[in-house]
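Readers should treat all values here as calculations from the given coordinates under stated rules, not as data from a laboratory. Predicted model only: the values in this text are computed from it and were never measured. Every residue, glycine as well, gets a Cβ built from its backbone with ideal geometry; the counts of neighbours run over all protein chains shown.
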Amino acid sequence: MGKIDNIEKVSYKKIIAMADEQLNIVELIEEHPCPSGSQWIIYQYQRTSPLIISAWRNGNKHHFILNIDKCKLNLVPSLSAAGIEKVFIEDNNVHIVYAGLAGAGVGVELRSNAKNVINTILYEKGGGSKLGKGAVITPKMEKVIVGIDDTDTKEEGATWVLANEIGNIVEKEGWGYYIDHTIIQLYPGNPNKTQNCVSIGLTFAIYPEYKYKLKELIKNQLKEKSLSDKTAVAVYYGITPSKSMKLFTCKAKRGMVTVEEAKSVAMRNNIDIIKVFEKDGGIIGAVAALGLAEHHEQAAKLPDDL
């Protein structure tokens, strides 16, 4: 493989591919070397690649929801300069095949040193006016979204701080990657609230062997560190929360909902509810945290702004 001067300085930092083989989709997250990432890549890849269902940027991280499939790219300078032409899973690894013109074609080399990348294959080096093409191979991971509520009291504690601590513990254990932390604003008029009436959504990319062990690790951490006896956790296994989950979150932002409603949504979506202690207090907030866990702006809004 050819070398680029100071390639370590411009390498992608991390690449993660989470698969849902039942839905035949992969969520690809690439941590770009530049502080704000490259909106150009998001724009060009979406224009060029029929495999891309949706794409967005969060800081320097690119997110792509991809069909597991292959397609032919119609590469045109400036207009459709680069994209993803094939996604497949083999031997529990995800293969992403990229193609691009000129500078857009050297991206596989820049991804070769990223954390979590097993291997890269360079088919065409690219650069200048030439076509570049290659594959990036990562372990197949799975997405798990965790809702947490009611770990504090009116006197002390902060659920968002404890949730962040737990997210970092999961990553330090080597079970996967702590991807996101979202504060979800719930109904401010709730008479049972501690103070600001928020719950927390944590998003993880988890190696398959730890997928169902994660909830026990989180429960044990909360049992040890929570200041409330009403703490609850809700765990969703999937790349995209359902419409019913999002609607429930919005309802819980606008007004009072019942524990029975939360449990009904959980049952319909195969969400695991864990009462850390015996009381039901945090169940509503934990389930409500899931629907908008990756919609940061909407998650933060008050009812009048929805």
Classified through the alpha carbon gyration tensor (a ≥ b ≥ c as square roots of its eigenvalues; rounded if a/c is under 1.5, else prolate when a/b is larger than b/c, else oblate), region 39-92 comes out oblate
Let me check I've understood the local charge: for Ala99, count other residues with C-beta under 11 angstrom from its C-beta, Lys and Arg +1, Asp and Glu -1. What total comes out?
+1
Cβ-defined net charge surrounding Glu27, 13 Å radius [Lys, Arg +1; Asp, Glu -1]
-3
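Just in region 154-229: which chymotrypsin sites (Phe, Trp or Tyr not before Pro) are loop by DSSP and have at most 13 other Cβ atoms within 10 Å? Walk me through the numbers on the way to the answer.
On the way: sites: Trp160, Trp175, Tyr177, Tyr178, Phe204, Tyr210, Tyr212; in loops: Trp175, Tyr212.
In loop regions of region 154-229 (DSSP not H, G, I, E or B), the sparsely surrounded chymotrypsin sites (Phe, Trp or Tyr not before Pro) are Tyr212.
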Once the Cα atoms of helix 39-48 and of the chain are each reduced to a long axis, what angle between those two axes, in degrees from 0 to 90 to the nearest 10, is obtained?
70 degrees
Using DSSP to define loop residues, name the trypsin sites (Lys or Arg not before Pro) in region 55-128 whose beta-carbon has at most 15 other beta-carbon atoms within 10 Å.
Lys72
Among rounded, prolate and oblate, which fits region 7-140 when a ≥ b ≥ c are the square roots of the eigenvalues of its C-alpha gyration tensor, a/c under 1.5 means rounded, and a/b larger than b/c means prolate?
rounded
Row for the chain, column shape: gyration tensor on C-alpha, a ≥ b ≥ c, rounded if a/c < 1.5 i.e. under 1.5, prolate if a/b over b/c, else oblate; value prolate
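Could you pull out the longest piece of the chain with no exposed loop GluC sites (Glu not before Pro) in it, calling a site exposed if DSSP puts it outside H, G, I, E, B and it has at most 16 other Cβ atoms within 10 Å? Each step should come with its number before you reach the end.
Values: sites that count: Glu21, Glu155, Glu156, Glu173, Glu278.
Value returned for the longest uninterrupted segment is 22-154.
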Of every Cα-Cα pair in region 165-306, the percentage lying beyond 22 Å is 34 percent
State the Cα centre-to-centre distance between region 39-90 and region 234-266 in whole Å.
31 Å
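With a cut-off of at most 16 other beta carbons within 10 Å, and DSSP calling the residue loop, which trypsin sites (Lys or Arg not before Pro) in region 219-306 qualify? Please list them.
Values: sites: Lys219, Lys223, Lys225, Lys230, Lys243, Lys246, Lys251, Lys253, Arg254, Lys263, Arg268, Lys275, Lys279, Lys301; in loops: Lys230, Lys279, Lys301.
For trypsin sites (Lys or Arg not before Pro) across region 219-306 that sit outside H, G, I, E and B with at most 16 neighbouring Cβ atoms in 10 Å, the list reads Lys279, Lys301.
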Spelling it out for Ala81: with amide H atoms placed in the peptide plane at 1.01 Å from N, the residues 5 or more places away or on another chain with amide H under 5 Å from its amide H are Val76
